[in-house]
Structure formats: structure tokens, C-alpha cells
1. I'd like the full set of residues that are outside any strand (DSSP E or B) and more than 16 Å from E74 (Cα to Cα), limited to the range 1-11.
2. Can you list residue pairs whose Cβ atoms sit under 6 Å apart, with the first residue in the range 39-60 being closer than 17 Å to S85 by Cα and the second being outside any loop (DSSP other than H, G, I, E, B) and open to solvent by 60 Å² or more (accessible area, probe 1.4 Å)? Count only pairs 6 or more apart in sequence or on different chains.
3. State whether the residues of the range 1-13 include one that is touching a Phe, Trp or Tyr at 6+ places or on another chain (Cβ under 7 Å), at pLDDT 90 or above and closer than 27 Å to A81 by Cβ.
4. Given S80, S109, S144, S85, which one is of a type in the set (G, A, S) and over 18 Å from the mean Cα position of the chain (by Cα)?
Amino acid sequence: MQDGWSQLGPLNWNRYVNKHVTVKTGKDDGLRGWLVTVDPVTSSLVLVNFEEGGGPHVQVVMGHAVQQVEVLQEADPEMSARLQSLFRPPEATGLDPEERRRRCERVRSWLEANRIPVEEEGEELRVAGVLTLVAPYRPEDCRSTNQIILDRVQRLLQNTGHG
């Protein structure tokens, strides 16, 4: 059980992640759920509960409202994996290695034919040194901090049928 939540800091908050907790926010209020993460700036918590049908119900508890956090249960390996996968994009699990390789080669060849600098780094394509394209090599699989290049490459992939 912990009082003074916001004063604990990120290193201590991490001890509560992937645990089933009760969060007290007021005199009689108590929210329960699996703690997925804590925002290091606002000390806000993200709690998840799983509905009967298996779908997640996500709640954000604002850090300034948290008075106390109590651990109820540790997550078993299955629950930990389920919690970790909640906010990750689905991977290209439906592709066999050969199809993934063909898509990578097709997109790389198309980019090179259009004089866009591209390098292969394992299963990823590195475009112009500032954008990474991961399997299955669709517009939504582009990652970059340069918004201009990200938008342009995504539009190019959409307009050429590679998306």
C-alpha cells in the first residue's frame, strides 16, 4: 500500500506495473484494475480490466487525484504478456517468411526505381536515413520523427498499390 503517489517517482512506480491494484482517489472511491503504465510527467495511471467477452476496458486515473495505491495480485506470465500486447500494433504474423521477403524486395525496388535512397537493415527498410519501414511494408508500417518525409513516403506507398 502506498500513500503520496506523485512523490514516489518513476522508478518506484515501475514496481506497480503489471499488477492488479486498487487505486483510492477520494474518501470512499476505489478503482481496481491491472496497472499497465504510469505517465512520468503527470503520474497518471492507466488501468485495464477485461470484459466478459475478453475485450479490454481502459481507464486513465489522473495522477493528482491518486491518494493511495495497493497491490492486490501479481500478474502471471500469461497476464503479463496480455498486458504488454494491448497497445502494440499487430505484427505481420500472417505472412510467411517468403512472402515477407517478396514484399520487402518489391517495395525496395520500387523506391530505388523512383530514386529514393533506401537500405535494408535485416527485415527493415531504412529510407533516406530518417524513416524505417517494417513488415508487412504498408504505409502504416512507416516510422519516422520527420513528419514531412513520413507523410510523403506513406502517400507514395498508398498511391502505387504497395499499401
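The values are calculated or read from the model by the stated rules, or taken from the named source; none is laboratory data. Small disclaimer: the values here were computed from a predicted structure and weren't measured. Neighbour counts run over all protein chains shown; Cβ positions are idealised from the backbone, glycine included. Side chains are part of the model used for accessible areas, which takes the heavy atoms of the whole protein and leaves out ligands, DNA and RNA. Shrake-Rupley method; radii C 1.70, N 1.55, O 1.52, S 1.80 Å.
1. Within the range 1-11, the first condition is being outside any strand (DSSP E or B), and the residues that meet it are 1, 4-11.
Scanning the range 1-11 gives G4, W5, S6, Q7, L8, G9, P10, L11.
2. V46/T37; V46/V60; V48/P56; V48/V58; N49/H57; F50/P56; E51/H57
3. At the first step, the residues of the range 1-13 found to be touching a Phe, Trp or Tyr at 6+ places or on another chain (Cβ under 7 Å) are none.
There is no residue in the range 1-13 that is touching a Phe, Trp or Tyr at 6+ places or on another chain (Cβ under 7 Å), at pLDDT 90 or above and closer than 27 Å to A81 by Cβ.
4. On the way: S80 fails: over 18 Å from the mean Cα position of the chain (by Cα); S144 fails: over 18 Å from the mean Cα position of the chain (by Cα); S85 fails: over 18 Å from the mean Cα position of the chain (by Cα).
Selected residue: S109, the only one of S80, S109, S144, S85 that is of a type in the set (G, A, S) and over 18 Å from the mean Cα position of the chain (by Cα).
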